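Note sheet for the following structure.
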Amino acid sequence: MQEVSIFNKYDKVQQLHSERTEWTLRVRAQAVWKGINRQTQEFRGLNVIFIDDSNWRIHAFVSAKISVFFDDILKEGVIYTLSNFHVRDYGTEEKNRAVRFGKHIYFANHTQLVPEVDNITNIAPYAFDLFLIADARTLLNDTRFLIDTVGKLEDKNIETVHSKEDEKKVHIRFRISDERSYINVTFFGDLAVQFEKSVKEIKDADISVIISSAKVNEHEGILGLLNLICEEHLNKMTDPAYCVNTDEPLLDHTPPLISVEDIKKLTKDFIEKKVRCQITVKKVDEKSNWYDNVCSTCGVEVTTVDGRYRCVLCSRNVPFPDKRFRIATLCNDTTGLIAIVFPDDEIQRIIGKNAFELEDEVGDEKKFPTLLKNFEKKDYVITLTISERNVNKISNIYTATDISDPIEVLGNHSPTNEALVTPAKDPVVNPAKAPIVQNCDNITASV
């Protein structure tokens, strides 16, 4: 009976929801890596993939301002008791998720993370959500998730290639197959170097490679995989790379930085394109609603029909809709004024609270929170998505997708590959729930 009581005191990843914070998990840190803003090189926080004893996985985020309290004890492979944290649902447009689970964890000031000395239960060190190579194309247009796949290395005689423009930039190309299909793979940075080294150390003729958290891409009609956020390995663990290949034309480039005056002159060529502007928040509109009620399933704003919240897209009533921040601001630079709506995910990241938490603190949903007024008089580099309504002058309100601290050095060049690489020790593995892969050296490649 005593043993049962010990195990029952822990919650399961599968059970988590956003309506409480008094959770206690027993989990292994499968992977840990730093989040770096690609434009400003600002350290945003620590990312973690946790796995529990039921093989359910979840992504967790530790913001930069509290990461100092966890950085020394948060290590890959260690089992922890994790308690008192926030659980949030993923937004419908959040991309490149390493875990196929609809929720993620946010650490707070009161979060407790205690390493376990004695391993009283078994938690798998790794697990994968493996897709067939032939299924990779289905994920080409579904940018929400990265992919895990496995295949046989077709040719061991592979070498890294250095850029002619910059010797520090390096990549390696190879191909894997599973007897039915094949796919080209490109690794960049430290990942490429370590992969080449690992392949040369393996004496076996046949090498099977497990690739986790890869980005599906297409170039001139040919499908391929890239290491977008974390790693590459084979037989041995290699350093994950949080990187973008600056030599690869298919990856998103840094949006141009232009003035407010020029933003208002953009033509139809910029519809659904992104641009950046460096502005000062002149005023936060207190008269507008500071949040939207959205459908808990699809994330679309709900309407009120006969006194009930209803989602038109899902064709159903939503008794308890989610709340998402929506702050209307008036901003300016030296060339003019612009109205910008700040998005929910960026506001949460900056203030460290969601709309429900802030509403509880304010105590009155009709009262505008003082905390949101703190955006005023601050300087930011804002990334905007230009809509058709903006270009056609139907709407003069622009929507922000990213809010960053001002960059000190401006230029039209892309950052170097090294500036975008954040080494970590172990790979980031994709799914929320997946089978345990055994007899595999350090979960990156099995021979």
For the stretch 26-33, Karplus couplings with θ = phi - 60° (6.51, -1.76, 1.60), whole Hz, Gly/Pro x: 10, 9, 9, 7, 6, 7, 9, 8
Name the shape class, rounded, prolate or oblate, that the alpha-carbon gyration tensor gives for the stretch 1-148, where a ≥ b ≥ c are the square roots of its eigenvalues, rounded holds for a/c under 1.5, and otherwise prolate holds if a/b is larger than b/c and oblate otherwise. oblate
Please list log₁₀ I(q)/I(0) at q = 0.14, 0.25 Å⁻¹ for the stretch 277-326, using the Debye equation with identical point scatterers on the alpha-carbon positions. -0.45, -0.87
Between LYS169 and residues 5 or more places away or on another chain, which pairs have amide H atoms under 5 Å apart, with H built 1.01 Å from N, and which residues are they? SER163
With θ set to phi - 60°, apply the Karplus curve 6.51 cos²θ - 1.76 cosθ + 1.60 along the stretch 334-344 and write out the HN-Hα couplings as whole Hz, x wherever there is a Gly or Pro. 6, 9, x, 9, 8, 8, 10, 9, 7, x, 4
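If you wrap a convex hull around the alpha carbons of the stretch 83-124, what volume per residue comes out, as a whole number of Å³? Intermediate results must be reported in sequence, preceding the final value.
On the way: hull volume 4.8 nm³, N = 42.
Roughly 115 Å³ of hull volume per residue.
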Packing-ranked peptide list from 180-191, 294-305, 202-213, highest mean Cβ count within 10 angstrom first, is 180-191, 202-213, 294-305
Shape category assigned to the stretch 263-402 from the gyration tensor of Cα positions, a/c cut at 1.5: oblate
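Each reported figure results from applying straightforward, stated rules to the coordinates on display, with no laboratory input. All values derive from a computational prediction rather than experimental measurement. Every residue, glycine as well, gets a Cβ built from its backbone with ideal geometry; the counts of neighbours run over all protein chains shown.
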